[in-house]
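Every number here is computed from the coordinates shown, using simple stated rules; none is lab data. From a predicted model like this one, the values you see are computed outputs, not experimental measurements. Here the Cβ positions follow ideal geometry from the backbone for every residue, glycine too, while neighbour counts run over all protein chains shown.
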């Protein structure tokens with residue numbers, strides 16, 4: 001008697017693939033937390049969890065902006081330079097809270113101009129996002145070094161120390177800022193007309209143009225959002241570090257892109273979520289943390305980052321083919 005082997009129906013296979021595509025990153029995040037907790041008992045200790053949250057907040061803020069840019073088919077390599085510029089601005093005044101409004105104003109103006117420049121280069125001059133944002137990063141770096149003469153000095157106002165290291169009812173202030181940004185911009189992206197235009201422009205800009213949406217202005221606004229969030233993250237990070245540094249935020253441009261792609265945001269644009277991008281950022285922070293808890297050298301983070309980039313690239317190719 002021949003045995004009959006049941007095969008899953010096409011609908012079952014489709015549903016399983018769709019489930020993996022939609023929720024695979026969250027399942028992996030949960031498994032990573034469980035494995036990390038078993039591997040290192042220190043991992044789930046309260047002080048280590050708080051430390052990871054404090055490190056996660058600036059990266060998460062940058063990732064939110066990067067998600068907006070990638071959704072419209074772009075990239076923003078200038079975020080790290082914008083962060084460092086904001087940090088230099090934070091120490092360029094008298095170091096008291098009275099200077100905080102001026103710091104916020106100058107940072108807002110610089111970030112707005114940087115984002116606007118990125119957007120105009122990409123949309124009006126048809127420069128590739130890679131080259132346009134890289135050029136902006138170099139320009140900001142040159143201006144920063146000219147202003148500081150290569151040796152930045154000054155004190156971070158207490159308000160920014162509070163933003164970077166303070167707590168409110170046991171919750172880190174910078175995490176609360178991240179949550180606020182995520183809620184506001186999540187609603188903007190996923191529950192507003194502008195958000196629908198972002199996905200439309202990223203998915204099919206010609207169709208967006210035919211229904212009266214200006215792809216150029218949508219892209220420009222997304223680049224401005226990314227720059228503004230990078231500036232905010234730079235101010236928070238300067239308060240966390242406590243000293244001025246021309247290289248604050250170094251590496252965040254790559255980390256934010258990797259986090260977004262791991263979280264399911266398509267580099268081709270038009271598909272992805274803020275929650276997915278933030279989950280990708282959380283995975284990066286956890287991996288870097290467990291590397292240190294296991295006593296591996298700091299240089300191992302670079303190796304692990306490279307492996308993660310390869311894995312994220314492979315997953316992206318597989319998703320795109322499907």
Nearest 10 degrees, 0 to 90: helix 173-190 Cα axis against the chain principal axis: 50
Max mean-square fluctuation residue, GNM over the chain, Cα-Cα springs under 10 Å, options 169, 40, 153: 169
Stretch gain in nm, segment residue 307-residue 39, where the contour uses 0.36 nm per residue and the Cα spacing is subtracted: 94.5 nm
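For residue 113 and residue 179, what is the calculated FRET efficiency with R₀ set at 35 Å and r taken between the beta-carbons, to the nearest 0.05?
0.80
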Gain upon complete extension [residue 51, residue 299; 0.36 nm per residue less C-alpha separation]: 87.3 nm
Angle between the chain longest axis and helix 215-241 axis [Cα atoms, degrees, rounded to 10]: 60
Order of 255, 245 - criterion: other Cβ atoms within 10 Å of each residue's Cβ, fewest first: 245, 255
Tilt relative to the chain, helix 46-71 - C-alpha long axis, 0 to 90 degrees, to 10: 80
Which of 296, 83, 163, 52 has the fewest Cβ neighbours within 10 Å, and the rest in rising order: 296, 52, 163, 83
Förster radius 45 Å - calculated FRET efficiency between residue 214 and residue 275, Cβ distance, rounded to 0.05: 0.95
Computed [θ] at 222 nm, deg cm²/dmol, the chain (DSSP H ≥ 4; -39,500 (n - 2.57); rounded to nearest 500): -25000 deg cm²/dmol
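Rank the residues 253, 141 as a footprinting-exposure proxy: fewest other Cβ atoms within 10 Å of their Cβ go first.
Fewest-to-most Cβ neighbours within 10 Å comes out as 141, 253.
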Mean separation of Cα contacts under 8 Å, 6 or more apart, over the residue count of the chain: relative contact order %: 32
Identified option (computed semi-axes √(5λ) of the Cα gyration tensor in Å; candidates (1) 25, 24, 19; (2) 41, 23, 16; (3) 35, 27, 17): (3)
